[in-house]
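A.B. asks: Let me give you the structure first, and then I'll get to my questions.
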Amino acid sequence: MKKLFTVLLLVLAVWTLSGKPPKYIILFIGDGMAVPQRILADEFSRRKGGESLLMNNFPVHATTRTCSASSITTDSAAAATAIACGTKTKNGVLGLDPEGKKLVSAAEEARDRGRKVGIVTTVTINHATPAGFYAHRDSRKKYYEIGLDLVESNFDFFGGGGMAEYAKQSPDLFTLAEKKGYRIVFGKEGLASAKKGEKTIAVAGAKGAGIPYEMDLSQTMPSLAEITEKAIEVLDNDRGFFLMVEGGTIDYAGHGNDTAANIFEVFGLDKAVQKAYDFYRKHPEETLIIVTGDHETGGLTLGVAGKKLNPLLLSSQKCSVDAFKANLAARQKAGEVKSFEDAIPLITEKFGLLFQPGKDPKDPMLLSKQEQQELVQAF
């Protein structure tokens, strides 16, 4: 099965028969995002008095079978290769077929046809999903080598995290990128300075890291939506462009079973979709937007029989689990938290969990004795 690439070609064929093919193609990939993640985020938003996700209201929907050439459970590298190149491959492989033959991605095809190309993600830009559109390596773990492919891609815009293992060899990947004509910018101010016609790598934070979770984002770091908006601005031209935008940390939150962070990561991707939709409304006859997931992560289920689903309880969580653990570790190092009892106020503040009955003895945030004991053991 050719997966999304075949769907894209079919859409383009139908579009061509009915009129002109799209000049602007914007592909969104929610890494680790499947139907449960979209539905839970949608339900959470509506119960909070918000709107349904924009991506859930698009006019055409379909499902895809995501198994790779080597496993019923794909990884991001094989999935990205299938989406970008239209060929299934083995888990861990980028831009190569199962026999090791080099494949051509939709992004490379767009570049070779004279279109501008952009890659945006919340993880490092040489991570598996973005790499599926420009790299040709037998292992997704070869970050430095994948970075070399990025530098040689001649794509016009990269934005999001930095590059993993960028200084593994000398000269480092950012130095090589500058020699190839890329301008490296950092943070919100750097992103704002990016201009049309200027090959740009926009790093949200640190050179070797991705973007923090949406609910942990600092004021100095641009969001996925802001980077997407700038990418569209930089890439916009008369010949058209291809832009891939990945919500990569949806996957991370799934691996960590951090449901609240997962919801807000889906929100972050949907906000980026809104930026593309704003562009579409200016060019409705020339723009194609596709939103997909590469696989599901975390085994998310929406409640169990006999128990009522109440996603609003997750609104009590004020930061990601990762941010909480970093906060707790810092307080332990400073001597502020020496025992589990010292940590209780922080747990209540960040998660809304109650250890003693308050005004309502049936408050759903009140922990049972068994749940409290589990936390003590984890501590």
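A.B. asks: Give the residues of the range 200-226 that are farther than 25 Å from Lys325 by Cβ and surrounded by fewer than 17 Cβ atoms within 10 Å (Cβ to Cβ), sorted by residue number.
C.D. replies: none
A.B. asks: Which one is nearest to Leu217 (Cα to Cα), of the residues in the range 119-132 that are touching a Phe, Trp or Tyr at 6+ places or on another chain (Cβ under 7 Å) and in a loop (DSSP other than H, G, I, E, B)?
C.D. replies: Per the criteria, the residue is Ile125.
A.B. asks: Spot the failing condition for Ile290; the list is (1) touching a helix residue (DSSP H, G or I) at 6+ places or on another chain (Cβ under 7 Å); (2) modelled with pLDDT under 95; (3) open to solvent by less than 60 Å² (accessible area, probe 1.4 Å), and only one is missed.
C.D. replies: Of everything listed in (1) touching a helix residue (DSSP H, G or I) at 6+ places or on another chain (Cβ under 7 Å); (2) modelled with pLDDT under 95; (3) open to solvent by less than 60 Å² (accessible area, probe 1.4 Å), Ile290 misses just condition (2).
A.B. asks: Also, I was wondering about something else. Specify which of the listed residues (Ser368, Ser316) is surrounded by fewer than 18 Cβ atoms within 10 Å (Cβ to Cβ), among the small types (Gly, Ala, Ser) and touching a residue at least 24 places away in the same chain (Cβ under 8 Å).
C.D. replies: Ser316
A.B. asks: Moving on. Check the range 69-84 and report whether any residue there is part of a loop (DSSP other than H, G, I, E, B), open to solvent by less than 20 Å² (accessible area, probe 1.4 Å) and modelled with pLDDT of 95 or more.
C.D. replies: Yes, some residue in the range 69-84 is part of a loop (DSSP other than H, G, I, E, B), open to solvent by less than 20 Å² (accessible area, probe 1.4 Å) and modelled with pLDDT of 95 or more.
A.B. asks: Looking at Asp278 and the list (1) open to solvent by 60 Å² or more (accessible area, probe 1.4 Å); (2) over 22 Å from Phe155 (Cβ atoms); (3) acidic (Asp, Glu), which single condition is not satisfied?
C.D. replies: For Asp278, the failing item is (1).
A.B. asks: Further question on the same structure: Six or more apart or on different chains, Cβ under 6 Å: which pairs go from a residue in the range 277-298 that's within 29 Å of Thr73 (Cβ to Cβ) to one that's among the charged types (D, E, K, R) and crowded, with 16+ Cβ neighbours inside 10 Å? Could you list them?
C.D. replies: Short answer, once both residue conditions are applied: Asp294/Asp31; Thr297/Asp251.
A.B. asks: Does Asn262 meet the test of being within 20 Å of the chain's Cα centre (by Cα) and open to solvent by 50 Å² or more (accessible area, probe 1.4 Å)?
C.D. replies: Here the answer is no, as Asn262 does not meet what is asked.
A.B. asks: Please specify each residue of the range 7-36 satisfying the condition of being modelled with pLDDT under 95, open to solvent by 40 Å² or more (accessible area, probe 1.4 Å) and more than 22 Å from Phe133 (Cα to Cα).
C.D. replies: Hits for the range 7-36 are Val14, Trp15, Thr16, Leu17, Ser18, Lys20.
A.B. asks: Still on this structure: Which of the residues spanning the range 241-289 are acidic (Asp, Glu) and closer than 22 Å to Arg113 by Cα?
C.D. replies: Listed by number, the residues that qualify are Glu285, Glu286.
A.B. asks: Any chance the range 188-196 includes a residue that's charged (D, E, K, R) and surrounded by 22 or more Cβ atoms within 10 Å (Cβ to Cβ)?
C.D. replies: No, every residue in the range 188-196 fails to be charged (D, E, K, R) and surrounded by 22 or more Cβ atoms within 10 Å (Cβ to Cβ).
A.B. asks: Looking at Gly268, Gly240, Gly254, Gly248 in this structure, which one is at positive phi and small (Gly, Ala, Ser)?
C.D. replies: Residue meeting the stated conditions: Gly240.
A.B. asks: Additional query: Restricting attention to the range 133-186, which residues are part of a helix (DSSP H, G or I), open to solvent by less than 20 Å² (accessible area, probe 1.4 Å) and in contact with a Gly (Cβ under 9 Å, 6 or more places away or on another chain)?
C.D. replies: Selection gives Leu173, Phe174, Ala177.
A.B. asks: Within the range 37-68, take every residue that is among the polar types (S, T, N, Q) and crowded, with 22+ Cβ neighbours inside 10 Å and give me the one that is farthest from His127 (Cα to Cα).
C.D. replies: Gln37
A.B. asks: Out of the residues in the range 47-68 that are part of a loop (DSSP other than H, G, I, E, B) and touching a Lys or Arg at 6+ places or on another chain (Cβ under 7 Å), which is nearest to Gly247 (Cα to Cα)?
C.D. replies: Leu53
A.B. asks: Take the range 337-365 and flag every residue that is among the basic types (Lys, Arg) and crowded, with 16+ Cβ neighbours inside 10 Å.
C.D. replies: Correct list: Lys350 only.
The values are calculated or read from the model by the stated rules, or taken from the named source; none is laboratory data. In this text, all values refer to a predicted model and were calculated from it rather than measured experimentally. Here Cβ is always computed from backbone atoms with ideal geometry, including for glycine, and neighbour counts include all displayed protein chains. Surface areas here come from the heavy atoms of the whole protein model, side chains and all, with no ligands, DNA or RNA. Shrake-Rupley method; radii C 1.70, N 1.55, O 1.52, S 1.80 Å.
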